[in-house]
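For reference, the structure I am asking about is given below.
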Amino acid sequence: MKFSTRAEYGLKAMANLAKDFPTQKTVKDISREEKISAKYLERLMGELRNKNLVQSHKGKNGGYVLGKNPKSIRVGEIVEILDGPIAPMKCVGKFCELEHQCSSSFVWAKVGAQIKKTLYGIKLSDLINYSK
């Protein structure tokens, strides 16, 4: 299963903010430190802001700060906000008309459940040591 660059970059940006929590940072600073396009990062941060994972402040001293403590933000939340539902195949869950009639859907549902369990088992605070 592949996750998009949206999830990858969003997770990097969130780990960057977590490392300096509760300090506010600009998109320009995060962009430079994480080597992510500022324009692309601004769009991702907007989506995370809409879901209350980050707060933004405008103006000369503006920037972004996590919306809550990194210990209470799960990696799975970030991934699902930026990439959508966690499913290893398009034919898992609500996307499958033949879910209970197809023998392979059992496998993909199990795999998807384990991926989701893993991602929701990791807190943003767990990533702080890896982003130094």
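Given the rule -39500 (n - 2.57) for each run of at least 4 DSSP H residues, summed and divided by the residues of the chain, what is its mean residue ellipticity at 222 nm, to the nearest 500 deg cm²/dmol? Numbers along the way, then the final one.
On the way: 5 runs with 63 residues, N = 132.
Calculated at 222 nm, the ellipticity per residue is -15000 deg cm²/dmol.
Now for a different question. Whole-Hz ³J(HN,Hα) for each residue in the range 75-84, computed from phi via Karplus 6.51 cos²θ - 1.76 cosθ + 1.60 with θ = phi - 60°, x for glycine and proline: what do you get?
4, x, 4, 4, 4, 5, 5, 8, 10, x
Using 7 Å Cα-to-Cβ label points, what is the Arg74/Met89 separation (nm, one decimal)?
Calculated label separation equals 2.5 nm.
Suppose each label sits 7 Å from its Cα in the direction of the beta carbon; what would the Gln101-Phe3 distance come out to in nanometres?
Label-label distance for Gln101 and Phe3, simple model: 3.5 nm.
Give me the lysines in straight-line cross-link reach of Lys68: C-alpha distance below 22 Å, same-chain residues under 8 apart excluded.
Counting by Cα, and skipping residues close in sequence, Lys68 has these lysines nearby: Lys12, Lys19, Lys25, Lys28, Lys51, Lys58, Lys116, Lys117, Lys123, Lys132.
If we count other beta carbons within 10 Å of each Cβ, what is the order of Tyr64, Tyr40, fewest first?
Sorted ascending by nearby Cβ count, the order is Tyr40, Tyr64.
Relative contact order, percent, of the chain when contacts are C-alpha pairs under 8 Å separated by at least 6 residues?
31 percent
Further question: Quote to one decimal, in nm, the extra length available between Thr23 and Val65 on full extension: 0.36 nm per residue of separation minus the C-alpha distance between them.
That pair, Thr23 and Val65, stretches by 14.5 nm at full extension.
Each value in this text was obtained by applying a stated rule to the coordinates, not by laboratory testing. Note that the structure is a prediction, hence the values are computed from the model and not measured. Backbone-built Cβ (ideal geometry, glycine too); neighbour counts: all protein chains shown.
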